Amino acid sequence: KDQLYEYRLAAGPLPPDASPACCTYEFSVRLRFPNEFEMYHFVAMLRRCVRVDHYQQASKMLEYQKQQTAAAVPRQRQLYKSGGQLEVLLVEARRLKPLQSALNTVLQSDPIALYESWSKGRTEGDPSQSNQMLGPDYLPELMGTTDGRMPKQTPNGSPIATFVNFRMLHPTEAAPGEKPGRPEVVPYRGQKVQISSVINGTDSPVWARESELEAAGGWTFRTGMIDPDKFPRLLLEFEVMQAAVFSATRIGLIQIPVTEEQFLTNPEQRFKNLWLPLVNIKDGQQTPNITGEIHVMTHWLPAEMKQVFSDGREKMQLSTRQMFNKQIWHKVSQKCIREPIYGTEALYFRNVYNPNTVRVNGEKVEAETFKNTFRRHVEELSHAVPYLECLERRQLNAWNLFKNELVEKGLENRGLGELRLHWQDTDNLEMLNKLQSLMLRGVPSALRPQVWAEVTLASRVSATDGAGQTRDYADEEELALAAEKEYQALLARGMELNSDAMHQLHEDTVLLLAWESTSPPLPEALKLHQKRIEKAKNVVTALLACEDGGVASSESLLVLAFFLLLPQGYKEASTVSAADGLTQPSEQSVFWLLYTLVCHRYNGMYREYYGLPVKRDSDPECLIAGCGAMQDVNLLECCVAYHERDLFFRMNALGFELSTIFYGAFMRWYATLMPTATVFRFWDALLFQSTNPKTQSLGGRDYLINLAFATLQVKRNELMECESAAEMKGVVLGFLGSLYDTTTVIDLVHAADLYLWGGAGFSSGKVSYLWTQRDEMFKGINQTTKWQNQILHRLAFEGQVRPPKHPSEQFAGVTTKTPE
């Protein structure tokens, strides 16, 4: 028996450094026992040894914690003066030629002239013409899952050849009273200018996609050793050029500081990810371009970190691309993707990965792994934060100029929606064009709650009409206080309701809690998510309490309230609950915005989406909203059937129904299907269109159809190659979930708007005739569905199962009474 508990393991030859002090190895040992008893006994002994080892380590940690440590000295920010070397990585540029895209063509045209040209049909002199129309070649490579290559986020635009000149400049000192001279060019290895490679065929070049530059992540510019004492105001200049046969012309340039305030030379922040807007110099003044941005990443290597071996070779340092991978590694290692600004889980990513949809020239190829797809989307979100900041500065500058113009005209106290109606009545085309251009180029995130309320006339409703309580106050503070009191009164009334709509709202709230699926759960993130859901629930509760509102309980309405309450900004918070530098919308403002869009006569554009249908005396009580979203889906199907006949037949052959995706997309305004920043950018145009009296088809809702049709037409080739309805759904959802460029979604909407309503579609009556036919068929089927719902309603109560005015009135029907 004593021999039974003795174990001997004969190890093979070990290397001389196989010691825990020198090196740790992992060994794989196979053991064989004569019977199961010895095997189980050995495993139990091994488990006991591991637990004892863990206990000893924990005891040592407790002893170290009990030891008294010296008081920590606060570390002061040190300004290093040692030199170093700077590496700049040129990744991509976007929209260098703005006038060639459909959106910017519209921005430069007269809106009334556009409307008249669309209603008459497209001509050769149509101001809305663009070099690149909507089609399968618009965004051919943008997919949720790829074959491993980096997809391009922007359309090709104008077929031009572009390159970038890179210089280091140092301003010269000027005597008092004299103009400063031209800056001195600091050469690198005898060259004053470093030139990138030329990319042809697009005004949105991506150097990171070139085969020879893919490993490095783009074109690399390097500097020599930079001494901050010698060059205290050193500048980097990026000059974007358009190549030509005999000479090159400048598109735009941008200068950024290097050593001033250690912007790029801070050893504590050696890596920077920057998006830079381009400008042009006119009469010695810098003028911002309408569009045009470049993406660069910088890596500063201090001199003290450079090590030289005995043979003269320098120690290999991390490249700029490797520094970026190191910065995002903690995000890549997580189990789910979180959007950096809003602190929410990326719900759209759940439907992005589908390896069955990856094809090259019609043949299925090996798709990228889920791990690589996850990493690529994390990279796109990391690039999105500085990109939003770049666009924000340009937008804010344009809006400040517009506000100054309103102040000069004495119109600063009137809302944008009221001014728009006034300018339309007075035919002030100049101001209408300026307002339209501002909205289409984007609303600064800090101004979004206010601008959305003004363009939808929600600010006017909350200040004057209210939800049935007209206010006659003259003071703005009293009006705001009255609106807050009315909202609180409606919320208190809604809390006391005990209706089916409130019960459904409670169930929808529980479903939204499942959005936070991090395992193990993060207490801070879960608490913040619950707090946001509670606020959204309060908004919907107040809407349900409106006596004259007629709002139906809908999960989509709760989702809209949730997203409208998210913070607005472009700064990435260090924690999920931090909101420094972000604009937080209030419950009251979101309530009045939704109330105006659904219930009030000033707008009411989405009454058919979220409002209760008109009730007749014979109809039972209805909990569902109207059929506006289904009508819009039917109109989308008619557009596809008329303009994309082959695609329509292919979808029907595979059994793919557009309503499986776009009914929910229309009800939620594409929230949870696209990145949140892109959703907000789309809402800028969508809400502005809700009060446009010169809209083409379905009021302000045609932008929903435009985006859906643009998605189907852009991915037409991929959809035609699908072999099942599931693959079609994966292509559409993957495309929508990959729209990280916020301006691309507006390009798609306006390109589809020109294609559908520009004279060849709805205005000619073809799509209208198809839509009318389908609507009549839907009404007939809907009447049958109403009869079925009435029978189900009667089954739950006492009476006969026979709807009123049924053709078979001569039959007695079936009773639901319990037999005695």
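Where the second residue is open to solvent by less than 10 Å² (accessible area, probe 1.4 Å) and of a type in the set (Lys, Arg) and the first is at negative phi and lies in region 664-686, which pairs have Cβ atoms under 8 Å and are six or more apart or on separate chains?
Qualifying pairs under 8 Å: none.
Restricting to region 547-566, name every residue that is part of a loop (DSSP other than H, G, I, E, B) and modelled with pLDDT of 90 or more.
The initial filter retains those residues of region 547-566 that are part of a loop (DSSP other than H, G, I, E, B), namely 547-550, 552-554, 565-566.
Within region 547-566, 565, 566 meet the criteria.
Would you mention how many residues in region 359-375 are in contact with a Ser or Thr (Cβ under 8 Å, 6 or more places away or on another chain) and either surrounded by fewer than 20 Cβ atoms within 10 Å (Cβ to Cβ) or without any contact (Cβ under 8 Å) to a residue 40 or more places away in the chain (or both)?
Taking region 359-375 as the starting set, the residues that turn out to be in contact with a Ser or Thr (Cβ under 8 Å, 6 or more places away or on another chain) are 367-368, 373.
In the following step, the residues that additionally are either surrounded by fewer than 20 Cβ atoms within 10 Å (Cβ to Cβ) or without any contact (Cβ under 8 Å) to a residue 40 or more places away in the chain (or both) were identified as 368.
Residues meeting the conditions: 1.
What tally of residues in region 279-288 results from selecting those that are open to solvent by less than 90 Å² (accessible area, probe 1.4 Å) and either at pLDDT 85 or above or over 16 Å from residue 93 (Cβ atoms) (or both)?
Step one: list which residues in region 279-288 are open to solvent by less than 90 Å² (accessible area, probe 1.4 Å), which gives 279-281, 284, 287-288.
Filter once more, keeping what is either at pLDDT 85 or above or over 16 Å from residue 93 (Cβ atoms) (or both): 279-281, 284, 287.
Qualifying residue count, region 279-288: 5.
So in region 220-238, with the set limited to residues that are in a loop (DSSP other than H, G, I, E, B) and not hydrophobic (A, V, I, L, M, F, W, C), which one is nearest to residue 207 (Cα to Cα)?
Quick first cut of region 220-238, residues in a loop (DSSP other than H, G, I, E, B) only: 223-225, 227-234.
Then keep just the ones that are not hydrophobic (A, V, I, L, M, F, W, C); that gives 223-224, 227-230, 232-233.
Details: 223: 20, 224: 23, 227: 30, 228: 30, 229: 34, 230: 33, 232: 31, 233: 29 Å.
Filtering first and then ranking leaves 223.
In region 230-259, how many are open to solvent by less than 20 Å² (accessible area, probe 1.4 Å), among the aliphatic types (A, V, I, L, M) and without any contact (Cβ under 8 Å) to a residue 60 or more places away in the chain?
2
Output the qualifying pairs, or none if there are none: Cβ atoms under 8 angstrom, residues six or more apart or on different chains, first residue in region 714-725 and over 13 Å from residue 136 (Cα atoms), second residue among the polar types (S, T, N, Q) and buried (at least 19 other Cβ atoms within 10 Å of the Cβ).
722/357
Can you spot a residue in region 715-724 that is basic (Lys, Arg), surrounded by fewer than 24 Cβ atoms within 10 Å (Cβ to Cβ) and assigned to a helix (DSSP H, G or I)?
In the first step, residues of region 715-724 are kept if they are basic (Lys, Arg); the result is 715-716.
Filter once more, keeping what is surrounded by fewer than 24 Cβ atoms within 10 Å (Cβ to Cβ): 716.
Next, from what is left, pick out any that are assigned to a helix (DSSP H, G or I): 716.
Yes, because at least one residue in region 715-724 is basic (Lys, Arg), surrounded by fewer than 24 Cβ atoms within 10 Å (Cβ to Cβ) and assigned to a helix (DSSP H, G or I).
Looking at region 642-662 only, could you name the residues that are at pLDDT 90 or above and either buried (at least 17 other Cβ atoms within 10 Å of the Cβ) or touching an Asp or Glu at 6+ places or on another chain (Cβ under 8 Å) (or both)?
Within region 642-662, 647, 648, 650, 651, 654, 656, 658, 661, 662 qualify.
Which numbered condition in (1) at pLDDT 85 or above; (2) in contact with a Gly (Cβ under 9 Å, 6 or more places away or on another chain); (3) open to solvent by less than 70 Å² (accessible area, probe 1.4 Å) is the only one that residue 467 fails?
(1)
Between a residue in region 506-527 that is in contact (Cβ under 8 Å) with a residue 24 or more places away in the chain and closer than 21 Å to residue 349 by Cα and any residue that is in a loop (DSSP other than H, G, I, E, B) and open to solvent by 90 Å² or more (accessible area, probe 1.4 Å), which pairs come within a Cβ distance under 8 Å, given they are 6 or more apart or on different chains?
Close Cβ pairs (under 8 Å, with a partner that is in a loop (DSSP other than H, G, I, E, B) and open to solvent by 90 Å² or more (accessible area, probe 1.4 Å)) amount to 518/335; 519/335.
Restricting to region 290-299, name every residue that is out of contact with any helix residue (DSSP H, G or I) (no Cβ under 9 Å at 6 or more places or on another chain) and modelled with pLDDT under 90.
Listed by number, the list is empty, since nothing qualifies.
From the set of residues in region 260-278 that are without any contact (Cβ under 8 Å) to a residue 40 or more places away in the chain and over 22 Å from residue 319 (Cβ atoms), which is most open to solvent (accessible area, probe 1.4 Å)?
261
Pull out all pairs, ordered by first then second residue, where Cβ-Cβ is under 8 Å, the residues are six or more apart or on different chains, the first lies in region 765-781 and is closer than 11 Å to residue 641 by Cβ and in contact (Cβ under 8 Å) with a residue 60 or more places away in the chain, and the second is open to solvent by less than 90 Å² (accessible area, probe 1.4 Å) and small (Gly, Ala, Ser).
Between residues of region 765-781 that are closer than 11 Å to residue 641 by Cβ and in contact (Cβ under 8 Å) with a residue 60 or more places away in the chain and residues that are open to solvent by less than 90 Å² (accessible area, probe 1.4 Å) and small (Gly, Ala, Ser), the close pairs are 767/761; 770/641.
How do the helices (runs of 4 or more DSSP H) wholly within region 411-455 filter down when requiring 2 or more residues that are modelled with pLDDT of 90 or more: which remain?
Values: elements: 416-425, 429-441, 448-455.
It comes to 448-455.
The values are calculated or read from the model by the stated rules, or taken from the named source; none is laboratory data. As the structure is a computational prediction, the values presented were derived from the model and not from experiment. Reconstructed Cβ throughout: ideal geometry from the backbone, glycine too, with neighbour counts over all protein chains shown. Please note that ligands, DNA and RNA were not included when accessible areas were found on the heavy atoms of the full protein model with its side chains. Shrake-Rupley method; radii C 1.70, N 1.55, O 1.52, S 1.80 Å.
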